[in-house]
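Worksheet for the structure shown next.
The values are calculated or read from the model by the stated rules, or taken from the named source; none is laboratory data. Quantities reported herein were computed from a predicted structural model and do not represent experimental measurements. Positions of Cβ are backbone-derived with ideal geometry, glycine not excepted, and every protein chain shown enters the neighbour counts.
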Amino acid sequence: MEKPDSYTTIAKSGEGLYKDKGSKFLSFAFHIETEDEADNLRRQFKKKYYDATHVVYAFRLGAEGEKFRAADDGEPSGSSGMPVYNTIRSKNITDVIVLVVRYFGGTKLGIPGLIDAYSQAAALALDNAETIEKTITQSITVEVPYSMVNFVMRVIKENNLTVADMTGETKCKITIAVPLNQHQRIENLLNQNGKITV
């Protein structure tokens with residue numbers, strides 16, 4: 001299976017409110033880049049909504065969503081955290097955390113009702129967030145004599161690449177962030193005159 005060369009995340013956080021049989025579900029979606037950020041947000045929400053019945057959350061990290069966690073926070077097992085996670089996954093969004101704060105309204109919803117309510121609440125927060133497509137890049141580091149720097153810079157400019165790092169003493173070392181699907185082509189381009197070591 002071919003690896004994707006881009007992924008979707010959120011650029012601006014989103015919020016939602018879902019009500020069912022008197023229970024209120026406040027939902028929030030945020031962009032995150034690490035598990036620590038996810039833990040910090042979860043702690044902040046537990047503190048801020050100390051009077052809530054439950055603060056359920058799920059997060060998904062990595063270009064292919066390879067890291068994830070979901071927690072029910074006292075709701076019946078599998079009734080809340082996983083439905084929130086599955087909603088994130090079904091929308092194919094990553095580097096995101098969704099938190100759902102529940103205020104119990106006096107009527108039990110049952111497990112199917114909870115799954116539905118948490119899924120709907122998570123979907124509302126994600127639908128109200130602003131999404132962005134990000135390109136997956138891979139670094140190429142080249143070492144060139146100073147006479148070749150202009151050539152490398154021209155390749156970078158013509159292909160809309162980004163210089164991630166540049167150092168130099170006797171030779172100039174340039175690290176370039178290259179979209180995954182262009183990696184081989186750029187490497188060939190840089191190698192075409194034999195004076196560049198990649």
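Taken together, the residues in the range 173-198 that are in contact with a helix residue (DSSP H, G or I) (Cβ under 8 Å, 6 or more places away or on another chain) and at pLDDT below 80 amount to 4. No other residue among Gly62, Gly113 is within 15 Å of Ile32 (Cα to Cα) and surrounded by fewer than 23 Cβ atoms within 10 Å (Cβ to Cβ) apart from Gly62. Cβ-Cβ contacts under 6 Å between residues 6 or more apart (or on different chains), taken from a first residue in the range 114-140 that is among the aromatic types (Phe, Trp, Tyr) to a second residue that is in a strand (DSSP E or B), are listed as Tyr118/Val100.
Of the set (1) more than 20 Å from Glu15 (Cβ to Cβ); (2) buried (at least 16 other Cβ atoms within 10 Å of the Cβ), all apply to Val96 but (1).
When each of Asn160, Asn128, Asn92 is tested for being touching a Ser or Thr at 6+ places or on another chain (Cβ under 9 Å) and at positive phi, the lone residue that passes is Asn92.
Would you mention how many residues in the range 142-176 are small (Gly, Ala, Ser) and under 15 Å from Asn188 (Cα atoms)?
As a first pass, look at the range 142-176 and keep what is small (Gly, Ala, Ser): 147, 164, 168.
Checking the rest, the ones that are also under 15 Å from Asn188 (Cα atoms) come to none.
The qualifying residues number 0.
Output the strands (runs of 3 or more DSSP E) that fall wholly within the range 118-198 and possess 1 or more residues being closer than 27 Å to Asn92 by Cα and of a type in the set (Gly, Ala, Ser), or say none. It comes to 137-144, 172-179.
When the range 10-31 is limited to residues that are of a type in the set (A, V, I, L, M, F, W, C) and touching a helix residue (DSSP H, G or I) at 6+ places or on another chain (Cβ under 9 Å), the one that is surrounded by the fewest Cβ atoms within 10 Å (Cβ to Cβ) turns out to be Leu17. Scanning the range 32-58 for residues that are touching a residue at least 60 places away in the same chain (Cβ under 8 Å) and surrounded by fewer than 19 Cβ atoms within 10 Å (Cβ to Cβ) yields Glu33, Glu37.
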